[in-house]
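To keep things clear, I will list the structure first and then write my remarks on it.
The values are calculated or read from the model by the stated rules, or taken from the named source; none is laboratory data. The structure displayed is predicted, hence computed values, not measured ones. When we count neighbours, we look across all protein chains shown, and the Cβ atoms used for this are built from the backbone with ideal geometry, even at glycine. Side chains are part of the model used for accessible areas, which takes the heavy atoms of the whole protein and leaves out ligands, DNA and RNA. Shrake-Rupley method; radii C 1.70, N 1.55, O 1.52, S 1.80 Å.
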Amino acid sequence: MFLKIAAFFYAFCFSVSLFDPTFFETPLRVVGFALGLGGLTGLFVVAFKKTFLSKGFWRLFSVIYVGYQLVCLLLGGAQTVIASHGILGLIGGLAMSVVLQFPIFLSLWRLSFATAHSGRRRLDEAPAP
């Protein structure tokens with residue numbers, strides 16, 4: 001239920017950003033938009049328990065998405081944040097970014113790296129081959 005609420009909230013925020021005339025100013029934001037759309041798609045796929053694309057695709061996309069987020073956070077504004085707020089401000093910004101993107105990171109993890117299992121097994125059941 002949490003992921004469904006998060007998916008609709010993120011979709012709302014994502015669609016609101018489209019009406020900002022300065023949203024597509026730089027190529028970095030356009031790449032971020034495309035990756036964000038893919039992350040949002042992954043969030044909806046996990047939230048509604050659907051299958052979409054292969055596990056290999058989601059594995060590659062997860063690596064690209066997390067790498068892009070790290071590059072943007074560490075290289076994009078780290079010097080400015082450290083200069084204005086110190087190293088604790090940068091650590092706080094990184095922590096907030098992880099917290100706010102946790103549903104997307106969780107859904108990408110489940111789509112690409114987590115093992116699929118269908119609930120709890122009873123103790124007297126044998127594992128499936």
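Quick notes
- Counting only helices (runs of 4 or more DSSP H) that sit wholly inside the stretch 48-129, those with at least 1 residues that are surrounded by fewer than 16 Cβ atoms within 10 Å (Cβ to Cβ) and at pLDDT below 75 are 55-76, 78-100.
- Residue ID - farthest from Ser107 (Cα to Cα), chosen from residues in the stretch 1-22 that are open to solvent by 70 Å² or more (accessible area, probe 1.4 Å) and in a loop (DSSP other than H, G, I, E, B): Pro21
- In the stretch 23-42, the qualifying residues are those that are part of a loop (DSSP other than H, G, I, E, B) and open to solvent by less than 70 Å² (accessible area, probe 1.4 Å), and the one that is nearest to Phe52 (Cα to Cα) is Phe23.
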